[in-house]
Every structure is written in structure tokens, then in C-alpha cells.
1. Within region A:45-52, identify whether any single residue is surrounded by 15 or more Cβ atoms within 10 Å (Cβ to Cβ), in the same structural domain as A:Val331 (by TED's automatic domain parsing), closer than 14 Å to A:Leu99 by Cβ and in contact (Cβ under 8 Å) with a residue 24 or more places away in the chain, and answer yes or no.
2. Looking at region A:238-285, which of the residues that are assigned to a helix (DSSP H, G or I) and free of Cβ contacts under 8 Å to residues at least 24 places away in the same chain is farthest from the chain's Cα centre (by Cα)?
3. Could you list all residues from region B:47-93 that are more than 10 Å from every other protein chain (Cβ to nearest Cβ) and part of a helix (DSSP H, G or I)?
4. Please find, among A:Val360, A:Val401, the residue that is more than 14 Å from every other protein chain (Cβ to nearest Cβ) and among the β-branched types (Val, Ile, Thr).
5. Could you list, in sequence order, the residues of region A:57-97 that are more than 14 Å from chain B (Cβ to nearest Cβ), surrounded by 17 or more Cβ atoms within 10 Å (Cβ to Cβ) and of a type in the set (Val, Ile, Thr)?
6. Inspect all residues belonging to region A:342-353 and state whether any of them is under 20 Å from A:Tyr242 (Cα atoms), of a type in the set (A, V, I, L, M, F, W, C), within 21 Å of the chain's Cα centre (by Cα) and outside any strand (DSSP E or B).
7. Restricting attention to region B:171-222, report how many residues are in a loop (DSSP other than H, G, I, E, B), among the hydrophobic types (A, V, I, L, M, F, W, C) and without any contact (Cβ under 8 Å) to a residue 60 or more places away in the chain.
8. Going through region A:273-317 one residue at a time, which ones are over 18 Å from A:Gly355 (Cβ atoms) and hydroxyl-bearing (Ser, Thr, Tyr)?
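The values are calculated or read from the model by the stated rules, or taken from the named source; none is laboratory data. Here the structure is a predicted model, which is why all the values come from computation and not from measurement. Note that each Cβ is placed from the backbone with ideal geometry, even for glycine, and that neighbours are counted across all protein chains shown.
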Amino acid sequence: MRTIRAAAAVAVVSALTAIAGCGGGSSSEGGSNESPKTLTYWASNQGPNIEADKKILTPELKKFEEQTGIKVKLEVIPWSDLLNRILAATTSGQGPDVLNIGNTWSASLQATGALLPWDQKNFDAIGGRDRFVDSAVASAGAEGQDPAAVPLYSLAYALYYNKKMFADAGISQPPATWDELVADGKKISKDGKWALGAEGGNLSNNIHQVFVLGKQHGADFFDKSGKPTFTSDGAVAAVKQYVDFMAKDKIIAPGNAEYAQNQSLQDFAKGKTAMVLWQAAASTFASQGMKPEDWGVAPVPVQSGTPGAGQNTNSMVAGINIAVFKNTKNVDGAKKFVKFMTSDEEQTLLNKTFGAIPPVKAAQEDPAFEAPDLKVLRDTLATSAAPLPQVANESQFETTVGTAVKDLWADAAAGKPVTTESVKAALTKAQQQMAQ
Amino acid sequence: MTATVTPSSGHKAGTSEKTENGGARGPRLPRIPDRIRQGGLPYLLLLPAVVLELLIHIIPMVIGIWVSFRQLTQFFIRNWGNSPSAGFDNYKIAIDFDAPIGQALLHSFLVTCAFTVLSVGLSWLFGVTAAIMLQENFRGRSILRTIFLVPYALPVYAAVITWAFMFQHDNGIINHVLHDQLGLTDKPSFWLIGNNSFVALVVVSLWKSWPFAFLMLMAALQNIPRDLYEAASIDGAGIWQQIRKITLPSLRPVNQVLVLVLFLWTFNDFNTPYVLFGKSAPEAADLISIHIYQSSFVTWNFGSGSAMSVLLLLFLLLVTAVYLFLTSRGRKGSDV
């Protein structure tokens, strides 16, 4: 009996010892410099695919190694996995030193306390906060707190259109208001061709579109104290307007309701769809065999007038931020790497390659960002883009409201009526799920 | 297994018995103290397995139960040991069926029950039918057997992603056949969104799990003596009578285990809905595994997700216990 007990005790103790290493995260505040010669970097997928990103980033990392002697281990992580990987790293305390995050996650991840706060001292170490565009820094964490990350690539939504399909339908210029878009759309949507593409199964994309339409209807999805207000008249009108492009106006193909893997871009490249609302789609179009002269770019339409602030907002401030994991064992090296990635030279080069706009003011001066498509994105960011709500439960917002919109797409695709009541019911359910 | 047991037992029964008890000279045996040999050795040998079992199953499960009593949200995941206690709040919220979260969990539970009953029932039916039909010797039997086992051999991810392509609205082969070729539907159907997603889920799950039922039942059929069938047919029993009176009763012990294993696998299936629908499954196909995943990982409320997992565990334990109790009682009764 004693032997059994002893064996059981040994088993429990050894098992507990083994898990002790992976539990509870870490309480270190601000990292250490135990391994000053290496860094691990998780990059988000910005180009057409993972391999392309590796090819683009590897020479830059070599350059950094030559300058500082620090070797950077690169892993490019697809968007579908990135947030889960970051969560796992946060929970276990075993993460990368430096990582890219979607800027909409900034406040949520800030709340976990896993990322190094960018206070005055840390910003000074990379050349100062003034180097960055204000709206980009505003999308790096909750208001009134030190940002959880530093802006790396900035993006905005634009309306991409197929020039030939427009010409064939007798349309001479891209639509500036939604009414014009619907009218043009009806001319195009026939004989197997459709006016507009959508990614109905992609929760984040749904959120980006209804957030902007919400702004245009005078609605925010959260009040000043951070409480959800999904069922306001403006929010309901916004969601209904978006889904009605399929349900009522019939300018989006029903099949788009199940798209979630950028199939709408393939349709655009194949000439099946004439317009998409997208961020920096140039490199993807090129990889699908489209020539730059085949497509045009215009600002996303508004309800009336021209894009601007408030109800004439026509894009979210999209973008990618670079963050340092608090648990890093090379905090000085990590800051050096952030400084390198946000240097004028790297900003110009990388943003140009990925078709994004540099959040660093000096880098924006480069003539490359004067190209017509990038100019639209740059002007939008400067004058008519608003950041998504920087609240700690932003990711729940994306999930609940994104799913509500996805379900409404499914109704529209199946020919079921989408009414103000059904939209309100879906949003009420989403809001109730947020309450807990 | 037998290869390692047989020589050692033979050894013990043979020449070395004396030296073992005397403990003086034993040229063929390593010196192991009697105390360990008699009492501890088996435990020592079991130790690695027990440690691994603890590490892989028991400790994560205990931690999961502990988490279900904590308020473990994104604010505490970095230092989850310090998350505040939630008492039974996570459980209360999960089983409050008048509130939205409880309602959604109940809906998901009912969908999962319906899905499991259909998938397991049809898998068994397909398995037993194919196994009986392949008992007779005919040309091409082994090829058919191999083909039937292919779904079981394919990696789940590759298989389900292929199904996801096949179920696509615009370019999928299912709509191509049902709508374009056969004209069975007025317009192409949606299989990955809306109510049809339940059908898609059952079809993929059935395709994935019936070969296992087929394999098990085929092996069990080999053990039924041919004489029984010969005797029955001499007595004038037809094929249906033979199946009802000989085959099915003989398959009973295998069926008991098979149905239980299929039930547990299907009820907990995560891969199929996740690969087919992604992080947010349509309401009609909102299986409980995906629902709990969403409650934990997508909304970052690990306390609530763990409470749901514990409830699921208790339900499965209860069903398993009742099932084993009923079936073992039935067996004892039939043995007597």
C-alpha cells in the first residue's frame, strides 16, 4: 500500500513540475536583456501569400542583423491564426519578442497587459511620437492610456472598380454616393455579372463595412462609457443598407454570402464582379493577373456630398501595428527592431511593397505614394477615416455583430426577407451576448 | 503484447524459480530486491504511463474545472493564477435558459443531440449493411473493402476541406450534380450557410465515421461460426431471419462498444464543423464543441467556456454510465 502511495505521489509531483513551467504567464514588467543577440518576430500576412511575405521581409531582417548584430527569426502567420497564437502566447508567457497586430485588436490586447506600453521614454527610443500620424497612433490603444503598439502600415478602404465593365455598361465615372452605386449596379448586374462583391462569411469584413455605414447614419456601436449600443436606429439602418445590396437591390451575387477567403477578389479579377470595397488590393490583383490599367480606385461612397468627417466618414482607420511582448528577453533589441521597422527608409520600402500608406509622416513624402490608388487611400486616411471603437471588448464586438451580419447575409441569399425588425432582432441578440 | 509476456512467464515457471525464492545465486536473473519484485515493480513499470496520463488528461482537466470557477477574461489571462473567483456564476449563466447565453447553449446542445443521433445511427446502419453484404465471397470484394475504408484513412482536415469545396454554392460539385445535372432543385442551394448546413454536417460526419463501424462489424462477423447459418438455412430460415436471429444477437457485444465510442466521438467532434464553417458556425449547425470554442477563444471568456465544458463532461459521463449500466445488466440477464 505504501508503495502505491509513493508511486502515486511521485507521479503527481513529476506531472506538476512539468506543467509548472507553462502556467500562469509571467509577472515581469518590461522584459529583460538575457538574450541580446536574437529576436523572434511574428509578422502578419500582408502580401499575396506567406511565402511572398517571407521573401520581402528576409532581406530587410538581414539588413537589421548587419546593423546591430541581432539575428531575427521570422514567422509569417496567417490572419486566421494570428489572434489565437497571440492569446496562447499571452497565457503561457511563451511568445515572440516582437509581433504585428491588427490595429483593431490594440485595446483588447492592451487590456491583457501582455504588451509593452509605449510611454514617452519608449517612444523617444524610436525617434519620438511626433514622427507618426495622429490617427494612426489613436488606433494603437484605448484613449487616455499609453499606446500598446506602434503603427507600422496604415490602410484605408477604397472602391476598386473594373474599368472595362464600367465602360461596357455605359458608366463614365465611379459612383460617389450609395444611390449612384445602386443605380450603376443595376445596369451592370445581369448576364451572370454582378456589380459589387462582399465577403459575407468574414466577420471582420462585415464589421468594417457596417461600422462605416453606421457612422454615416450617425451611429456608433458603443457609447462614451464603452457600453454597446448595437440596436440604435442608425446601427440598424446601417446593417440593413449593407445587406440590402443583396436582399433588395440585387447588385451582389447571392453566393457572396458564404465568401470568407477573399473569393470576392477572385471574382473581381475574373471580371465577374465590377466593384469591391477593399484595403490596398493592388498586389492581390497583380497576383491574379490583372494589369494596373484594368482597374480604377475611387473613395468609398457616402450617403450624400463628399467624404469628410462625422457622417461623411467613408473608411475605418485600418492598419497593422508592431508591438513588443512584455516577456521578451531582449527588450533593448526589440526596441531597436521597432525603430528599424519604423525608420523612414524601411517605412517607405515596406509600405510601397505592400501597397499601404506609411504612418510615419516623413515617409509619406515619397513620390511612390502619389500614385492614384495610394493617393485615394492617403487622402481617405487624412480626411475621412475613423478608428473602430478602441474598447477592451472589441473582439467580442467583431464576433457578435459580425455573426449577426453573416446570418442576415444567409437570409438574403436564401431569398428570405430582410426587414428592419429582423435586423433589429439579430442586433439585439448580439448585444445580449455582449452583456455577459 | 503477448510476445513480451510469454517469454518472461515461461522463464519464471521454469528453471529459475528456486533461485528467485532463495535469493542466493541466479545467473539468469538480474538482482532485484524481493520487496520491489513482489510489490513495487509493476507500479514502477506503470509509472511513465501514469505520469503521462496525469499530464495529458487529468491535470488539464482539473485545471479546466478550476478555471470554470474563475472570472478568467482577457484582463487576467496573462496571470491567470490571480483571476478573481466567480463562485458558481459561470455555471448559473450557462444554465439560465431564459437568458441569451443559456438559450444559445441549450440550442447548441439540442442541435448536437440531433446531429449525434443521426450520424451514429446512420453510421451503424451503413456499417452493418456493408459488412453483411461483404461477408459473401465474390469477385472484387477486397477492392470494395479497401474503397470503403478510404475515408477512415484520409487526414480529417484534407477530407473536410474537400467537402467544403464540394458544398460551395457557386462552384461546388454537389450543386452541379443536384441542380445543373439532375435538376432536383429550382435554384442552387446553400450548404454552408442557413438551415442546409445541418444536412452538410451530417453527411460529412457520416462519410467520415461509417467506415469505422464497417471495420469493427466486419471483424465481429468473422467470429460468428458458419455452422449456425448452415443449420439455420437447413431449418428453413430465410436471410432476414438469419440476420435477426443469428447475426444481430452475435454482434451485440461489439455493438455495445461501437455505439458508445461513436457517440462520444461524434458528440465532441470539433474538426468537422470547424473546417466546414470556420469560427462561427451557422445556427442550424452550431455544435457544442464549436459553441464552447467560441465562448472561450473568440469572446475571451475562458471561465464561462470552461463551465460549459465541465457541464458537457458531466453529461457525457452520465450518459456513458447509464448506457454501461443498462447494457451490462442486459448482458447479465441474457447470460443467465
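1. Scanning region A:45-52 turns up at least one residue that is surrounded by 15 or more Cβ atoms within 10 Å (Cβ to Cβ), in the same structural domain as A:Val331 (by TED's automatic domain parsing), closer than 14 Å to A:Leu99 by Cβ and in contact (Cβ under 8 Å) with a residue 24 or more places away in the chain.
2. The residue in question is A:Ala269.
3. Let us first name the residues in region B:47-93 that are more than 10 Å from every other protein chain (Cβ to nearest Cβ), namely B:57, B:61-62, B:64-71, B:83-88, B:91-92.
Those that are more than 10 Å from every other protein chain (Cβ to nearest Cβ) and part of a helix (DSSP H, G or I): B:His57, B:Met61, B:Val62, B:Gly64, B:Ile65, B:Trp66, B:Val67, B:Tyr91, B:Lys92.
4. Details: A:Val401 fails: more than 14 Å from every other protein chain (Cβ to nearest Cβ).
Exactly one of A:Val360, A:Val401 is more than 14 Å from every other protein chain (Cβ to nearest Cβ) and among the β-branched types (Val, Ile, Thr), namely A:Val360.
5. Taking region A:57-97 and keeping what is more than 14 Å from chain B (Cβ to nearest Cβ), we get A:57-77, A:96-97.
Now drop any that are not surrounded by 17 or more Cβ atoms within 10 Å (Cβ to Cβ), which leaves A:57, A:60-61, A:64, A:68, A:70, A:72, A:76-77, A:96-97.
Answer for region A:57-97, where residues must be more than 14 Å from chain B (Cβ to nearest Cβ), surrounded by 17 or more Cβ atoms within 10 Å (Cβ to Cβ) and of a type in the set (Val, Ile, Thr): A:Thr68, A:Ile70, A:Val72, A:Val76, A:Ile77.
6. Keep residues of region A:342-353 that are under 20 Å from A:Tyr242 (Cα atoms), which gives none.
Within region A:342-353, none of the residues are under 20 Å from A:Tyr242 (Cα atoms), of a type in the set (A, V, I, L, M, F, W, C), within 21 Å of the chain's Cα centre (by Cα) and outside any strand (DSSP E or B).
7. Here is the first cut: in region B:171-222, the ones in a loop (DSSP other than H, G, I, E, B) are B:171-172, B:182-195.
Applying the additional criterion that residues be among the hydrophobic types (A, V, I, L, M, F, W, C) yields B:182, B:184, B:190-193.
Then drop every residue that is not without any contact (Cβ under 8 Å) to a residue 60 or more places away in the chain, which leaves B:182, B:184, B:190-191.
Here the count works out to 4.
8. Hits for region A:273-317 are A:Thr273, A:Ser304, A:Thr306, A:Thr313.
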